[in-house]
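Just so it is clear, none of the values below were taken in a lab; they were calculated from the coordinates. Just so it is clear, the structure is predicted and the values come from calculations on it, not from any experiment.
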Ligand SMILES: Cc1cc2nc3c(=O)[nH]c(=O)nc-3n(C[C@H](O)[C@H](O)[C@H](O)COP(=O)(O)O)c2cc1C
C-alpha cells in the first residue's frame, strides 16, 4: 500500500484515521497509519496542550495530525454569552421537553455543562492551531492539520506551512476541492454522502474520481502535488483498493474507529459504552443526514433523539454555531443517561459492518490483508 503519501508522511499505510479519542489516534499512528485527533471537543487550549503531550508520549515517535473546525461561512461569531441570547426560547423549550419525553435526566450534579461547544467558535479553533504549532515545533511529530467545513483561513494555511505541517480540508463537491487547492490546501479529503459527520450530497463512488480529476496536476505552494484522500464509507480493505484504483493517494476514515477497543470516551465501567452498543446494533440503514447536530448537514446514528426532531411540530435546526450551543448541554445529558436508544452521535453508513469491539492494531491488520487479497484478485484479471 505504498503511495506518494506514505513517503511524504513517513507512514507505513496511507490510512488516515480521524478520531476524537487520543487513545485511538495514538494507536492508529503506532499501527502504521496516521492518527488525526479531533480538537473540537476541547473548550480550552490548555486541555488540548495536555492531551498532545500525552500523544507524544504514546506514539513511539510516529507522526500524527490534528483536526480543527473552522467553518468558512459562519453567519455569527462572538462570545458565547452574545450567541446564547440569539437562541429562540421555543427552541430551548423543545429541547427541554424532548429530553423529558425521552427520559433523559438532568446532569447528575444539576449543573449546566458545555461539552465541546466552544471548540466550534473560530476564536477557540485558532487557539487550537496555536497549541498544535507549538507542539509541531517542539516534537516534530505533528505533520498534518485538517479542517472541516471549508478551507482554513489563509493565515492558518501559511502558518502551518511555516511550521512544516501539511494542510488538509474536507470537500463534499468538486467546487470545494478546487477552492481548497487554490487557497493552498495540500490534501483534499473527498468526503462522500455516506460518511459520518458533516457530509454532502454526492456519494463516494461518484465523488472520489470527480475530485481526483478536478485537482490532477495541481501543485501546492510547497511544490508538491495536491492529493486526494478518499472518505465516506470506508471500512474494508476492498474499499481502500477501490479508492486507490480511483486515483486517491490514501483514505480518511472516521466512523470505523468508534468501536475500537481503545475508544474510551463516554465509557463508564467495563465493556462497550452505551454509544458503542448503539453502533454495534445499527445496520447500514440506521443513519440520517440532519442539521440538528451543528446547524449544517451531518450524518448521525438514527435514534429516538434524531426522530424527535423529525416529528410534526419540531422546530427547524438553527444555523451554526447557534445549534451547537442549543444542543451542547442536551448532548452532555444524553451521554450521561446511558440509553442506547437515545444517543446523539455522528456515524456513517459503514456502521452496518461494525459488529465487534476490536483493537486498532487488528483493525489495521484486517484492512491491510483484505487490501492485499483484493489487489491480487484484480491482478489475476490481467493474466
Ligand atoms: C464521531 C465523528 C465525529 C466527527 N467529527 C469531525 C470533526 O470534528 N472534524 C472533521 O473534520 N470531521 C469530523 N468527522 C468526519 C470525519 O473526519 C470523516 O470525514 C468521516 O467520518 C469519514 O467518513 P466515514 O465516517 O464513513 O469514515 C466526524 C466523524 C465522526 C464519525
As computed over the chain, the Cα convex hull volume per residue (Å³): 135
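Counting pairs of alpha carbon atoms under 8 Å apart in space and at least six apart in sequence, what relative contact order in percent does the chain give?
19
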Expressed as a whole number of Å, what is the distance separating the alpha-carbon centroids of segment 4-38 and segment 187-207? 20
Between 0 and 90°, nearest 10: helix 45-57 axis offset from the chain longest Cα axis: 40
Could you give P(r) for segment 242-311, binned at 5 Å from zero, as whole percent values over all Cα-Cα pairs? 3, 13, 19, 18, 19, 15, 9, 4, 1
Once every DSSP H run of n ≥ 4 in the chain is given -39500 (n - 2.57) and the sum is divided by its residues, what mean residue ellipticity at 222 nm do you get, rounded to the nearest 500 deg cm²/dmol? -12500 deg cm²/dmol
The helix 89-101 Cα axis meets the longest alpha-carbon principal axis of the chain at an angle in degrees, between 0 and 90 and rounded to 10, of 90
Relative to the longest principal axis of the C-alpha atoms of the chain, give the angle of the C-alpha long axis of helix 322-337, reported between 0 and 90° and rounded to the nearest 10°. 80
